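Only one structure is covered here, and it is reproduced in the block below.
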Amino acid sequence: LALQDHGNPVRYRNIWIRELPEAGFLPGDEGGTLPVQEVTVPDSILQKYPGEYKSDSGSTITVERKGSHLVVLRGKNSFPLEVAPVSETKFSGVAVETEISFQTGGDGKVTAAVLRSVESPQTFKRLP
């Protein structure tokens, strides 16, 4: 069990520990976990996503590849969030309730990532 503070003072309360299915889940599932069907994403698409992303508020995430999955890191000392593909542009958390989807421009290049978790969705623009 790891709790994130992103370098800020925090208090935690009402922490629940629950078993998650091996296949993952969908965020916002109102009181339970819903298994997700993992799909195979071609390497040519999967290799477009790793990189650095920054929100308008200055928060950053780093996306790294781990085989057929991706790993999302929020800030420099964060707990890695492993996500599995549920479509070519959307990935769902393997052990943590989160979802990340990628947006592309007209040229097919990744322009942004939208991270959804317990917090409201946050958009991160791809850094060059």
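What the table shows:
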quantity: Surface accessible to a 1.4 Å probe, per residue, for the residues of the range 44-106, Å²; calculated: 48
quantity: Length released on extending from SER55 to ASN14, taking residue separation times 0.36 nm less the Cα-Cα span; calculated: 11.9 nm
quantity: Net charge over other residues, Cβ less than 15 angstrom from the Cβ of LYS109 (K, R count +1; D, E count -1); calculated: 0
quantity: Cβ-Cβ FRET estimate between LYS125 and ASP5, R0 fixed at 25 Å, reported to 0.05; calculated: 0.55
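The values are calculated or read from the model by the stated rules, or taken from the named source; none is laboratory data. Just so it is clear, the model here is predicted, and its values are computed rather than measured. We place every Cβ from the backbone using ideal geometry, glycine too, and count neighbours over all the protein chains shown. Quick note on the areas: whole protein, heavy atoms, side chains included, nothing else; ligands and nucleic acids left out. Shrake-Rupley method; radii C 1.70, N 1.55, O 1.52, S 1.80 Å.
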